[in-house]
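Everything below concerns the one structure shown next.
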Amino acid sequence: MSDFDPLTFDPENIDPEELAELAGEEKDSDNLESARASLDDIAPEHRVPEGFRSGFVAIVGRPNVGKSTLVNALVGRKVVITSDRPETTRRDIRAIMTRPDSQLVLVDTPGIHRPRTLLGRRLDDMVDESLSEVDAVCFLLPADQKIGPGDERILRKLQDQFARTKEEPTSPRYWRKPVICVVTKIDQLSKKKLVDKLIEVDQFGHFSEIVAVSALEGDNTDEVAKVLINAVPEGPKMYPDDVLTEESAEQTIAELIREAFLEELNDELPHSLAVVVDDIVKPEPGETDENGNPAKAHVYVSLYVERDSQKPIIIGRKAKNLVYVKKRVRTAVNRAVGMRSSLDLHVKLARDWQSDPRALNRFGF
Ligand SMILES: Nc1nc2c(ncn2[C@@H]2O[C@H](COP(=O)(O)OP(=O)(O)OP(=O)(O)O)[C@@H](O)[C@H]2O)c(=O)[nH]1
Ligand SMILES: [Mg+2]
């Protein structure tokens, strides 16, 4: 088995002796039939080599520390949106990193902060819920900022949930689940300052591991992956290789639109913008438009703001912002729907929705 290569493993075209060995059988031709049968029970996309590791890892930290950027770097494709505005991520989003030896379900979470609205409280609750079901936690601290009260609050939360209080914090048995600290944005400071930072971080939390990374520049992301893989147990493959996220087309499109607004409007954008994809209507097979071209899908989207005065900000002069956003997301929307699509954007009012339980439920918070 020493030359077993999971990358080239083809169960249909395999030496019978190797097959028997893989299925845990003796090298005995009498057992070959049952060996093949037991391998046949597992769908090809779920077959894994021995020692395969898999599990859930929550990515937590204050707003804007680079959680979503790290998730994208680990998965190797953009699966979650990022921006320099805090509270970009508003839901727990599962992204899947699959390697020949492992599969990690990375749970990107909203930034943890002292909540000011009911929305903020719901976001915090969401993080707590994610924490309860993961195999390991990845706590992000930005290298270019001082450790502050916000980070201390998160550490306390993690200690409440995962620390063995009878153990000394320096003991290797202190954490019930691995709590790994990732120091992010290391492109922002010199090597010398980074060393000081790592010492500060070590004294701050006595974490299971500390890794430094620049997700933006792809510096040391492989090391982060390695540490996270080691933190999860041996286990099966949960998703086929080509699945990168659990998001639906509706959720993906809503997020892409919100990201485009964050980019276009930046500081002007009301924090209260909520994007909901109401419907995706696909044409009948063979249907054509008035010019005889294949008909497009229609994607109906509501853009909710909290006050009437915010509508013109979203729309822009001569609908400039709506035009920009449509153009910006067109290709990605076509990919998400699986065909050419036209976007219908409607700006609507949901008064004070960030504090309104019914509106929050309707928007999925
Ligand atoms: N210089 C630098 N900037 C980074 C790095 N990683 C992320 N950023 C930037 O930091 C900002 C926030 O990144 P996000 O990934 O959206 O942060 P987040 O923690 O997911 O934020 P929330 O979802 O709001 O909690 C963006 O402008 C990123 O480009 C990095 O390694 N280096
Ligand atoms: Mg985020």
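The sole residue among Asp242, Asp278, Asp267 that is part of a strand (DSSP E or B), surrounded by fewer than 17 Cβ atoms within 10 Å (Cβ to Cβ) and either outside the structural domain of Val107 (by TED's automatic domain parsing) or aromatic (Phe, Trp, Tyr) (or both) is Asp278.
Scan region 136-152 and give yes if some residue there is more than 21 Å from Ala274 (Cβ to Cβ), modelled with pLDDT of 95 or more, acidic (Asp, Glu) and outside any loop (DSSP other than H, G, I, E, B), otherwise no. So far as region 136-152 goes, yes, one or more of its residues are more than 21 Å from Ala274 (Cβ to Cβ), modelled with pLDDT of 95 or more, acidic (Asp, Glu) and outside any loop (DSSP other than H, G, I, E, B).
Here Glu87 qualifies as among the acidic types (Asp, Glu), modelled with pLDDT under 90 and not in a helix (DSSP H, G or I). Would you check if there is a residue in region 94-103 being farther than 21 Å from Phe365 by Cβ and within 12 Å of ligand 1 (Cβ to nearest atom)? No, region 94-103 contains no residue that is farther than 21 Å from Phe365 by Cβ and within 12 Å of ligand 1 (Cβ to nearest atom). Each residue in region 109-123 was checked for being assigned to a loop (DSSP other than H, G, I, E, B) and either near ligand 1 (Cβ under 9 Å from one of its atoms) or buried (at least 17 other Cβ atoms within 10 Å of the Cβ) (or both), and 5 of them qualify.
Listed here are the residues, each with its yes/no results for (1) more than 25 Å from Asn230 (Cα to Cα); (2) surrounded by 19 or more Cβ atoms within 10 Å (Cβ to Cβ); (3) of a type in the set (A, V, I, L, M, F, W, C).
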site: Lys78; (1), (2), (3): no, no, no
site: Thr82; (1), (2), (3): yes, yes, no
site: Leu104; (1), (2), (3): no, yes, yes
site: Val107; (1), (2), (3): no, yes, yes
site: Asp135; (1), (2), (3): no, yes, no
site: Gly148; (1), (2), (3): yes, no, no
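Looking at region 68-84 only, could you name the residues that are in contact with a Ser or Thr (Cβ under 8 Å, 6 or more places away or on another chain) and either among the polar types (S, T, N, Q) or assigned to a strand (DSSP E or B) (or both)? Residues satisfying the conditions are Ser68, Thr69, Asn72, Thr82. Might you let me know whether region 189-207 holds any residue that is closer than 23 Å to Val105 by Cβ, in contact with a strand residue (DSSP E or B) (Cβ under 9 Å, 6 or more places away or on another chain) and either away from ligand 1 (no atom under 16 Å from the Cβ) or not small (Gly, Ala, Ser) (or both)? For region 189-207, residues closer than 23 Å to Val105 by Cβ, in contact with a strand residue (DSSP E or B) (Cβ under 9 Å, 6 or more places away or on another chain) and either away from ligand 1 (no atom under 16 Å from the Cβ) or not small (Gly, Ala, Ser) (or both): present.
Pairs are defined by a Cβ separation below 6 Å, a sequence spacing of at least 6 or placement on different chains, a first member in region 76-99 that is farther than 19 Å from Val329 by Cα and without any contact (Cβ under 8 Å) to a residue 60 or more places away in the chain, and a second member that is within 12 Å of ligand 2 (Cβ to nearest atom) and not in a loop (DSSP other than H, G, I, E, B); the pairs so defined are Asp92/Val107. In summary, Gln203 fulfils each of the numbered conditions (1) within 26 Å of Gln188 (Cβ to Cβ); (2) surrounded by fewer than 17 Cβ atoms within 10 Å (Cβ to Cβ); (3) not assigned by TED's automatic domain parsing to the domain that holds Ile154 with the single exception of condition (3). Annotation: Phe56 fulfils all but one of (1) in a loop (DSSP other than H, G, I, E, B); (2) surrounded by fewer than 20 Cβ atoms within 10 Å (Cβ to Cβ); the unmet one is (1). Confirm whether Arg53 is more than 12 Å from ligand 1 (Cβ to nearest atom) and closer than 18 Å to Phe365 by Cα. In short, no.
Here Ala260 clears all of (1) surrounded by 12 or more Cβ atoms within 10 Å (Cβ to Cβ); (2) farther than 28 Å from Asn72 by Cβ except the condition numbered (2). So is Thr98 part of a helix (DSSP H, G or I), of a type in the set (Ser, Thr, Tyr) and modelled with pLDDT of 95 or more or not? Here the answer is no, as Thr98 does not meet what is asked. If the condition is being in contact with a strand residue (DSSP E or B) (Cβ under 6 Å, 6 or more places away or on another chain) and closer than 17 Å to Val107 by Cα, then region 208-232 contributes Val224, Val227, Leu228, Ile229, Ala231, Val232.
The values are calculated or read from the model by the stated rules, or taken from the named source; none is laboratory data. Since this is a predicted model, take the numbers as computed values, not measurements. We place every Cβ from the backbone using ideal geometry, glycine too, and count neighbours over all the protein chains shown.
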